[in-house]
Each structure stands twice: as C-alpha cells, then as structure tokens.
There are 2 protein chains.
Amino acid sequence: MAHSPETSLHLIADIEQCRGLGDLDLIEATLREAAIAARVTVLGVHLHHFGPGMGITGVALLAESHISIHTWPEHGIAAIDLFVCGLQADAKAGLEVIRRRLEGRIRLEKSISRLG
Amino acid sequence: MAHSPETSLHLIADIEQCRGLGDLDLIEATLREAAIAARVTVLGVHLHHFGPGMGITGVALLAESHISIHTWPEHGIAAIDLFVCGLQADAKAGLEVIRRRLEGRIRLEKSISRLG
C-alpha cells in the first residue's frame, strides 16, 4: 500500500430509503465522486449488476484501500465501506457524497481504526 | 444483491507477522481459496501491486458481497474484510484460510451485523 498503515480508517455505513440502486452508471459516478470528495486516488472501478430489478455490487480500488457498495433496490438499502489511509483522506466527505447521490438516510454508521 | 440483506455479516481482521504480502499469485490464490472455504461465489478478482517491495490491494467481488485485502509487506501486516450474506456463508472459515496462507497472527477481529 502507498500510505502508512497506522493512518487507516474504515468508515462503514448502511443507507436506507435510497433511489437509483439498480442504475450502473449512477453507481459508478457515485463511487468516483465519493473518491474525489474523500481526496483519494481511484486505481479502478469494478461493478456487477445482478439483473433487471436487482442490485449492484461494486468496488473502487484506491491507492488508499477501497470504497465498496452493495445495493438492494427492492429494499431501498445500500451497504457502504470507505476504507482509506493517509492523513489527507476524508472518508466522511466521501460518505456524504454517496448518501446525497442516492438520496438516502444513514441507518448505521461506524468508524473503525484499522492497523493502529 | 443475490441474498437477503438481513443475513449480512461483515467480518473485519487485521493480521500481523505475515509472509507473502507482495506475491500477487499467492494473494489471488488466497482470496479464491477463502471464498471456497466461506461457501461464497466469486464474480471476479481485481488486484493492484504497488511495485517491488511494496504491497497489494485487492478484492474478490462475490455474489454475496466481497472479500478485500490490503497488504504492507514492510510491516508484515494485512487488513482483511469478508462481507458476506446468505445463511450458507461462513466468513470465519474464509478468514482462517487467509490467516493460514499468510502464516500470520490475528491482531484485530470484529464481526459486525449489517443491514439488520
């Protein structure tokens, strides 16, 4: 990894009452915008759509770890992880972009220090 | 996603005193073996090597969410997430495969119910 491990922060959030959870273009754009807001560098975005009416699973691999998303459109919920390292990274700003883009409400949020 | 969200379990672990953390083939094989042990289905494995002597960041996208790994060979540490859903999934068995393959010791382990 490109940054010191002791700066690692893992921000976990479940978001409810979301829209757009089956929209592949929206989910990719959301991951990329979240990375910009979080001040991290995207190495690649990898997505899988489970089919019409179904959800998406995806990850943005970062120079600073990853942002992942798993969605259930039929329930309006998405599970988000922002695992970042480096003192410049702002996981919370990335999460706020995702919540706003999906027009959802945070149900669960936890911040975990990793590798400290 | 392919499984009910309320069955989601997120197992987080930091592992220390590991070997092989810069070996791309080993890391890919480890992710695939962990998925078999966890009884989950791999959709794709995506890896990035930061260069000679440096770490790897990677993810196995699953029909049941994801397994991610971030490694720091210079410190002998790896950060692992196994996010799975479905009653058949066994994240703990997947983690044990990873720990054994990397010959490491668990420093931190947390199990978090998601979307419950």
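Each reported figure results from applying straightforward, stated rules to the coordinates on display, with no laboratory input. Please read these numbers as outputs of a predicted model, since none were measured by experiment. For neighbour counting, all protein chains shown are included, and Cβ atoms are generated from backbone atoms with ideal geometry for every residue, glycine included.
For this structure, a couple of remarks:
- Counting the residues of the stretch B:21-36 that are buried (at least 18 other Cβ atoms within 10 Å of the Cβ) and more than 13 Å from chain A (Cβ to nearest Cβ) gives 3.
- For the stretch B:16-23, the criterion of a residue being in contact with a Cys (Cβ under 9 Å, 6 or more places away or on another chain) and in a loop (DSSP other than H, G, I, E, B) is satisfied by no position.
- The stretch B:89-116 - residue that is basic (Lys, Arg) and over 21 Å from A:Leu108 (Cα atoms) and, of those, surrounded by the fewest Cβ atoms within 10 Å (Cβ to Cβ): B:Arg105
- Failed item in (1) crowded, with 24+ Cβ neighbours inside 10 Å; (2) touching a residue at least 60 places away in the same chain (Cβ under 8 Å); (3) within 12 Å of another protein chain (Cβ to nearest Cβ); (4) over 26 Å from B:Trp72 (Cα atoms), with A:Glu16 passing the rest: (1)
- Members of the stretch A:69-82 that are facing chain B (nearest Cβ under 7 Å) and either surrounded by fewer than 24 Cβ atoms within 10 Å (Cβ to Cβ) or farther than 19 Å from A:Ala29 by Cβ (or both): A:Trp72, A:His75, A:Ile77
- For the stretch A:83-105, the set of residues classified as more than 30 Å from B:Gln17 (Cα to Cα) and either within 8 Å of chain B (Cβ to nearest Cβ) or out of contact with any helix residue (DSSP H, G or I) (no Cβ under 6 Å at 6 or more places or on another chain) (or both) consists of A:Lys92, A:Leu95, A:Glu96, A:Arg99, A:Arg100, A:Leu102, A:Glu103, A:Gly104, A:Arg105, listed by residue number.
- The set of residues from the stretch B:53-62 being more than 8 Å from chain A (Cβ to nearest Cβ) and either assigned to a loop (DSSP other than H, G, I, E, B) or closer than 19 Å to A:Ser113 by Cα (or both) comprises just one member, B:Gly53.
- The requirement of being touching a Phe, Trp or Tyr at 6+ places or on another chain (Cβ under 9 Å), among the acidic types (Asp, Glu) and either touching a residue at least 24 places away in the same chain (Cβ under 8 Å) or closer than 21 Å to B:Ile80 by Cα (or both) is fulfilled somewhere in the stretch A:54-73, by at least one residue.
- Some residue of the stretch B:34-46 being more than 11 Å from the chain's Cα centre (by Cα), touching a residue at least 40 places away in the same chain (Cβ under 8 Å), at positive phi and not in a strand (DSSP E or B): yes
- Taken over the stretch B:84-107, the criterion of being touching a Lys or Arg at 6+ places or on another chain (Cβ under 7 Å) and not small (Gly, Ala, Ser) is satisfied by B:Gln88, B:Asp90, B:Leu102, B:Glu103, B:Ile106.
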